[in-house]
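What follows draws every value from the coordinates through simple rules; no lab data is involved. Keep in mind it's a predicted model, so treat the numbers as computed, not measured. Counting neighbours? That spans all protein chains shown, and the Cβs are built from the backbone with ideal geometry, glycine included.
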Amino acid sequence: MPFNSLSENRPGAPETGLSLRSKGRISRASASPFPALSKGFIKYWAIFSIELKNHFVYLADFILSNLSVIVAYFVSVQLWLIGYGARQEVAGIHKEELIWYLLIVQVIHFSVDYTLMLNIEEDVQSGNITNYLNKPYNYLLYTYCISSGRVVLNLIINLTISLGMTLFFTKSFASSLSGVLQLIPTLFLGFLIHFILQCICGIAAFWVERATVFVWVLNTIMLVLGGGLIPVDTWPDSLKPLANYTPFSAIFYYPAKLFIHFKPDLFVRFLIGQLLWVFLLGSSLWLVYRKAIRRLDINGG
Amino acid sequence: MDAIEVKNLTKTFQVKVKPPGLKNSFKSLFKPKYRRVEAVADLNFTVKAGETLAFIGPNGSGKSTTIKMLTGILFPTSGEARVLEFNPWKERKKLAFHIGSVFGQKSQLWYHLPAVETFYLFSRIYELDSRTFRQRLDYLVNLLEIGDFIHTPVRKLSLGQRMRAELVACLLHAPSIIFLDEPTIGLDVVAKQILREYIRTINRTEGTTIFITSHDAGDIETLCERVIILNLGRIIYDSEVSQLKKTYLHQRVIEVTLNTPRNDSFTCRGCTLLERTDYKLKVTIDTHRDSTRDVVNQLMSQYDVEDITITEPPLEEIIRQIYKDQGNAF
């Protein structure tokens, strides 16, 4: 290793907090007790944890900022109940199931990290990205861990609030154990797809002056075409292919639909669909990032 | 042994040019025009292991761009560089384990959390085992005397305290080279001096190569053995600091504020009057000929002094002088 032993064994050298073997230069390979695979996990887990700790500093503010989910959820439920009128079922979705469908999509909507795109743009344009690129980690994974810290906390808060509210008013539960358990992989993959889409648009800041122009467009399209406002089942047949050929329904519709109507074959189909989108979009993100990083121009200190 | 080797390093940026007016703004939407800016041009230099190098120049001279290329953040337009035998932009992640950096204007500490949380995070990022991390942290906490505020949220620290904590974060993994981009910016005189002392100690005790950019001539005088001066992306001076001191840093500017107005003729041995009002005097002295102490004593005895400030000549003045000596116009 180059320069590894520059100050080693210097007679009378003061104690620098390092063992003699690694004095002045910590030799990672020999000093680290972590096996190769777990090293990466420990590193990224620490990044995820510090973001959680960061939010715990202002936990009360964070919870208050999430209370808007109550209003949005209440309004959408009321609108749909008016739409249902006297009918008990529309497109195979019972009135009660619809309330639970809306709960899941609203919780997703209020938990995903919509600031991610703006944060990446800010990092690129302010030059703050220098503090991330000079560390021994992957910038995309770093960003993912930071974003996940926010998402997980949002999810816990929003789910607790909305679940309590729904159980209080409906006094019923329109799902099954499988419907609940499937949320773990489908929500996780949905958040990942959302992260990748936001990242791709954020990285556009390397080319365009304001990536924010994409924020409103992307977020609206995601919500509408993803079944976040209207369940895909109730769409006209001519529009339904849109849900199959865009990744947005994999974020909102898949977890919510499986929550109310869990079927093993549908679960497998949706899961494969999500994995395919992760692969396709993830590869695109990697290519865009590789290209973008070469274009990085930072003027000034 | 060279820690850094740079050959013909060049970096050009494309900057969008927008002529004024609404019509031109509309035009530039469809036909944008770009101007090429040469941030760094044909740099050639080496830095020995353990050396303390000041890389200085005025705003826009290319200092930060060079640091960013040497740390692998920016890709050069052409040229080569080896840092600790790594190609910085091709082996950025590998190199990151061996270098540390502090960008004076950009904090790497988590603003709402105590600095110790960032240190713990960095120990994970740099893959230090717990024992090594604890020993190293203890050592640095004592050395940089940050024990009193290590558990205080960063947002509540003074700038001087924050910079010391930044330095600890940068040194945790015992890097072979540290890149300091204007580390003393915004600090008061005392805080600057303290920080310089810590940096010097790290260099002495651990043999760490120090690559420092600064606007402050004081950083160079007190900290560095060698200085490279950059202007408009090109190296205009590369020499020992002692040489720079002898040739260009032998002047001091003394500003005196008076309690009572004086408008009689000015006499002070060794001084050249630059500016004068009823309440103010601005003089320059040559430290090769006269000692600063003697001149200050003289001024104190002759005038009713309220305040006195002694500064080095500004960097721009030194650069002007270098150009003059090299026979070029500035």
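With each label modelled as a point 7 angstrom along the Cα→C-beta vector, the residue B:44-residue B:5 pair spans 1.5 nm.
Under a model in which nothing but the beta-carbon of Lys, Arg (+1) and Asp, Glu (-1) is charged, chain B shows a dipole of about 1760 debye around its Cα centre. Between the residues A:84, A:219, A:200, the greatest Cα displacement towards the positive end of the dipole of chain A, with unit charges on the Cβ of Lys, Arg, Asp and Glu, is found for A:200. When its C-alpha radius of gyration is set against 2.2 N^0.38 Å (N residues), the range B:126-245 gives a value of 1.15.
Over all Cα atoms in the range B:105-148, the spread is summed up by Rg and Dmax: 10.9, 32 Å. The dipole here belongs to the protein assembly as shown: it is taken about the Cα centre, uses +1 on the Cβ of Lys and Arg and -1 on the Cβ of Asp and Glu, and is about 1620 debye.
Aspartates and glutamates near residue B:27 by alpha-carbon distance under 17 Å, same-chain residues fewer than 8 away left out - which ones? Straight-distance partners of residue B:27: A:209.
For the Cα trace of the range B:207-258, dividing Rg by the Kirkwood Rh returns an Rg/Rh value of 1.05.
Please report Rg over Rh for chain A, where both radii come from the alpha carbon positions and Rh follows the Kirkwood definition. Please report the intermediate quantities before stating the final value.
Values: Rg = 23.5 Å, Rh = 21.9 Å.
Using only Cα positions, Rg/Rh for chain A is 1.07.
A cysteine counts as unpartnered when no other cysteine's C-beta lies under 4.7 Å of its own; in chain B this applies to B:170, B:224. The GNM of chain B, with springs linking C-alpha atoms under 10 angstrom apart, assigns the highest mean-square fluctuation among B:291, B:242, B:25 to B:25.
Looking at the range B:1-60, none of the GluC sites (Glu not before Pro) sits in a DSSP loop with at most 13 other Cβ atoms within 10 Å of its own Cβ.
The convex hull built on the alpha-carbon positions of the range A:104-150 has an orientation-averaged projected area of 3.5 nm². Across all directions, the shadow cast by the convex hull of the range A:122-222 built on its C-alpha atoms averages 8.6 square nanometres.
Once the Cα atoms are used to define both axes, helix B:189-206 deviates from the longest principal axis of chain B by about 50 degrees.
Averaging Cα coordinates gives a centre for the range A:229-246 and one for the range B:59-102; these two points are 50 Å apart. For peptide B:137-146, the mean count of partner chain Cβ atoms within 10 Å of a residue's Cβ comes to 2. Pairwise Cα distances in the range B:251-311 exceed 15 Å in 40 percent of cases. Cross-link partners for residue A:257 among the lysines, with Cα-Cα distance under 25 Å and sequence neighbours closer than 8 places in the same chain left out: A:95, A:171, A:240. So, in Å, what gap is there between the alpha-carbon centers of the range A:252-296 and the range A:137-209? Here the two parts' Cα centres lie 13 Å apart.
Using only Cα atoms, tell me the angle between helix B:130-143 and the longest principal axis of chain B; keep it within 0 to 90° and round to the nearest 10. The angle comes out near 0 degrees. Full extension of the chain between residue B:282 and residue B:297 gives 3.9 nm of extra length, using 0.36 nm per residue less the Cα-Cα distance.
Ranked by Cβ crowding within 10 angstrom, fewest neighbours first, how are A:87, B:234, B:124 ordered?
The fewest-first ordering by Cβ neighbours comes to A:87, B:234, B:124.
Once you reduce the range A:51-96 and the range B:34-58 to the center of their Cα atoms, the two points are 56 Å from each other.
Taking a ≥ b ≥ c as the square roots of the eigenvalues of the Cα gyration tensor of the protein assembly as shown, is the shape rounded (a/c under 1.5), prolate (a/b larger than b/c) or oblate? Prolate, since a/c reaches 1.5 and a/b exceeds b/c.
Here's the picture: charge each Lys and Arg Cβ at +1 and each Asp and Glu Cβ at -1 in chain B, and of B:211, B:41, B:193 the one pushed furthest to the positive end of that dipole is B:41.
State to the nearest 20 debye the size of the charge dipole of the range B:171-330 about its Cα centre, where the only charges are +1 on K and R beta carbons and -1 on D and E beta carbons.
For this selection, approximately 360 debye.
Among B:310, B:287, B:265, which residue has its Cα furthest toward the positive end of the charge dipole of the range B:251-311, with +1 on Lys/Arg Cβ and -1 on Asp/Glu Cβ? Result: B:287. Partner lysines whose Cα lies under 16 Å from the Cα of residue B:33, excluding those fewer than 8 positions away in the same chain, are identified as B:16, B:18, B:23.
Compute the Kirkwood hydrodynamic radius of chain B, taking the inverse of the mean of 1/r over all pairs of distinct Cα atoms, and give it in Å to one decimal. Spell out each step's value before the answer.
On the way: mean 1/r = 0.0446 Å⁻¹.
Final number for the Kirkwood radius of chain B is 22.4 Å.
Sorted ascending by nearby beta carbons within 10 Å, beginning with the fewest, A:286, A:216, A:235 become A:216, A:286, A:235.
Springs between Cα atoms under 10 Å define the GNM used for chain B, and in it the highest mean-square fluctuation of B:171, B:53, B:273 occurs at B:273.
Mean-square fluctuations from a GNM of chain B, with a 10 angstrom spring cutoff on Cα atoms, peak among B:229, B:146, B:308 at B:308.
For the protein assembly as shown, give me the percentage of DSSP beta bridges that are antiparallel, rounded to the nearest 5 percent.
Details: 46 of 65 bridges.
For the protein assembly as shown, the DSSP antiparallel bridge percentage is about 70.
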